[in-house]
Amino acid sequence: MGKPLNRVLLSNISSMCNGKGLPKKEKVEAFLMLGCLKEGWQGSDEAVKDKPLDRALVTHISSMCNGKGLPEKAKVAAFLNLGCLKVGWQGIDEVVMDQPLDRTLVASMSSMCHGKEGLPGKAKVTAFLNLGCLKVGWQGIDEDVRDQPLDRTQVSRISSMCHGKGLPEKVKVKAILKRRSENTQDDEIIVIKEEATD
């Protein structure tokens, strides 16, 4: 008692419960006590029991669950434990299980899944992040970049273009990248023509 209301946290809870009515006190408290939402959580609730709530992570979860209600612990923990969302992931979950969450990647997932489908499942996230066209150096042939790392800048661009539309299918991602490439080439041609006439 006596502490001011945390308006950001209230906004996050409001977003998740949009259209669902006021959540019960017990449900809100249970959500806010989830170990997986604490700073530094790596799979063990006990290790972070005295840590504060990771506010940025709550904001991302809130965005994905907009209008879906407060998510259950099992769903949140399963999402945050996905190997493909860990720093350094290159297609093999076991190699990165001790690594922290890749917060930029979580932010990208949050943007695309805003209010769309809640927390996306492992198969969907892994399939999206395994797209050859999202690898560093991709020039139209997936096999040429099979062993290349994920191009996080490209993922971020796709994320902003697909905000609130869910994780896009391979065909859509390739179409976006092709269109972007054509626009860039048109800009380069214009610059070359301008330089030639100067």
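The values are calculated or read from the model by the stated rules, or taken from the named source; none is laboratory data. The model shown is predicted, which means the values in this text are computed figures rather than measured ones. Heads up, the Cβs are rebuilt from the backbone with ideal geometry, glycines too, and the neighbour counts pull from every protein chain shown. Just the protein is used for accessible areas: all its heavy atoms, side chains included, with ligands, DNA and RNA removed. Shrake-Rupley method; radii C 1.70, N 1.55, O 1.52, S 1.80 Å.
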Quiz item: Which label belongs to the value computed from this structure, given these candidates for Cα Rg over 2.2 N^0.38 Å: (i) 1.00; (ii) 1.27; (iii) 1.22?
Solution: (iii)
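Per-residue counts of other Cβ atoms within 10 Å, averaged by peptide: what ranking do you get for 39-52, 143-156, highest first?
On the way: 39-52: 12.4, 143-156: 14.4.
With the highest mean Cβ count within 10 Å placed first, the list reads 143-156, 39-52.
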Quiz item: Using a 1.4 angstrom probe with every protein chain in place, what is the largest-first accessible-area order of 163, 60?
Solution: 163, 60
Quiz item: Relative contact order of the chain: what whole-number percent is it, with Cα pairs under 8 angstrom and at least 6 residues apart?
Solution: 17
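Multiplying the sequence separation of residue 103 and residue 29 by 0.36 nm and subtracting their Cα-Cα distance, what value in nm do you get?
Values: separation 74, 0.36 × 74 = 26.64 nm, distance 2.45 nm.
Computed gain between residue 103 and residue 29 is 24.2 nm.
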Quiz item: Sorted by average packing, counted as other Cβ atoms within 10 angstrom per residue and highest first, what order do 15-23, 73-81 take?
Solution: 73-81, 15-23
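Between residue 5 and residue 47, what FRET efficiency follows from the Cβ-Cβ distance if R0 is 22 Å, with the result rounded to 0.05? Display every interim value, and only then the final one.
Working: r = 29 Å, r/R0 = 1.33.
Computed FRET efficiency for residue 5 and residue 47: 0.15.
For n ≥ 4 DSSP H runs only, could you compute -39500 (n - 2.57) per run for the chain, divide by its residues and tell me the 222 nm figure to the nearest 500? It would help to have the intermediate numbers written out before the result.
On the way: 9 runs with 96 residues, N = 198.
Taken over the chain, the calculation gives -14500 deg cm²/dmol.
Just list whichever of 3/86; 38/174; 24/49; 68/122; 124/178 have alpha carbons separated by over 26 Å in the model shown. Intermediate results must be reported in sequence, preceding the final value.
Working: 3/86 35 Å; 38/174 37 Å; 24/49 23 Å; 68/122 19 Å; 124/178 23 Å.
From the list (3/86; 38/174; 24/49; 68/122; 124/178), the Cα-Cα distance tops 26 Å for 3/86; 38/174.
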Self-check item: Distance from the stretch 126-178 to the stretch 37-86 (C-alpha centre basis), Å
Solution: 25
